Amino acid sequence: MKIVVIGGSGLIGSKLVIKLREHGHETIAASPNSGVNTLTGEGLAKALKGASVVVDVSNSPSWEDAAVLKFFETSTRNLLTYEAAAGVGHHVALSVVGTERLSESGYFRAKIAQEKMIKNSSIPYSIVHATQFFEFLKGLADISFDGDKVRLPSVLFQPMAADDVASAVGRIAVGPPVNGTVEIAGPEQFRLDELVRERLAALKDPREVIADPEALYAGAKVSLRTLVPDKTARLGETRFETWLTQSAAQIPSRKVS
């Protein structure tokens, strides 16, 4: 089948495109770099022609409240409009575990708006709620750094490898629409501050990580279980220690976004 991956040059998208092609699917990696712009509609009609499935793993380049809301609303509206015209039968969107519990955050309000548009559309859909990726632990430390210490809430956290995210999204994309939400997560639970502390130690990053009950997560107050999935979540296979060993063995490269 023909599958179009929106955000196909990013961290998850690039992995997903490779996996789908390995399984014999005609897969289009769509992004502004390849002439497909979901904000303007440029290239969408051509890219979606004959497509059975569209997978949206794109992300806003800005986390500023108004900008991120505009990105997800405009992009999703354009995608759904062009998909309806092209006869696409399955819209898959990557979102985040706990999104509905994080409405204090401008970013997550935008994700809530995106999900609502998908649910209200006439196109059969699957929304995939993933936990945070191992690859973003340092980035989480960066946005939680106050210039002196990294302050994080000591809440439960169940992150997963980006490779496992791509595999799970791929399986859902080639299956029937669930017309609902599927949760995916890593195989282990941690305390958020402890895991970030371990990641920084592996990077020889000297910043001190403090468990702060008042610290916010992406601008939102979180409780013990805000960031972890239900027991029905589909779990990835890669454990944190395995991923840490693999990432240490790799030559450092620039993050693809």
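The values are calculated or read from the model by the stated rules, or taken from the named source; none is laboratory data. The structure displayed is predicted, hence computed values, not measured ones. Here the Cβ positions follow ideal geometry from the backbone for every residue, glycine too, while neighbour counts run over all protein chains shown. Note: areas computed on protein heavy atoms with side chains; ligands, DNA, RNA excluded. Shrake-Rupley method; radii C 1.70, N 1.55, O 1.52, S 1.80 Å.
Of note:
- For the pair K49 and V178, the difference between a 0.36 nm per residue extended length and the Cα-Cα distance amounts to 44.1 nm.
- Length added when fully stretched, T242-I143, from 0.36 nm per residue minus Cα-Cα: 33.1 nm
- As a length-normalised measure over Cα pairs under 8 Å and 6 or more apart, the relative contact order of the chain settles at 20 percent.
- On the beta carbon distance between R207 and D230, with R0 = 35 Å, the FRET formula returns roughly 0.60.
- The sum of -39500 (n - 2.57) across all DSSP H runs of n ≥ 4, divided by the residue count of the chain, sets its helix-only mean residue ellipticity at 222 nm to -11500 deg cm²/dmol.
- For region 1-129, the solvent-accessible area works out to 43 Å² per residue, with a probe of 1.4 Å and every protein chain left in place.
- What a 1.4 Å probe finds exposed on region 11-165 is 53% carbon and sulfur by accessible area, rounded to a whole percent.
- Probe 1.4 Å, protein heavy atoms only - accessible area per residue of region 135-250 in square angstrom: 50 Å²
- Annotation: extensible slack from E104 through I18 equals 27.4 nm (criterion: 0.36 nm per residue apart, minus Cα-Cα distance).
- Violating pairs (Cα-Cα greater than 24 angstrom) within the set K70/K119; K2/K46; K2/K138; K70/K116: K2/K138
- Protection proxy ranking of 51-57, 196-202, 89-95, 39-45 - average other beta-carbon atoms within 10 Å, highest first: 51-57, 89-95, 196-202, 39-45
- Cα long-axis angle, helix 106-120 against the chain (0 to 90 degrees, to the nearest 10): 30 degrees
- When the Cα positions of L137, A173, W63 are compared along the charge dipole of the chain, A173 comes out farthest toward the positive end, with charges on each C-beta of Lys, Arg, Asp and Glu.
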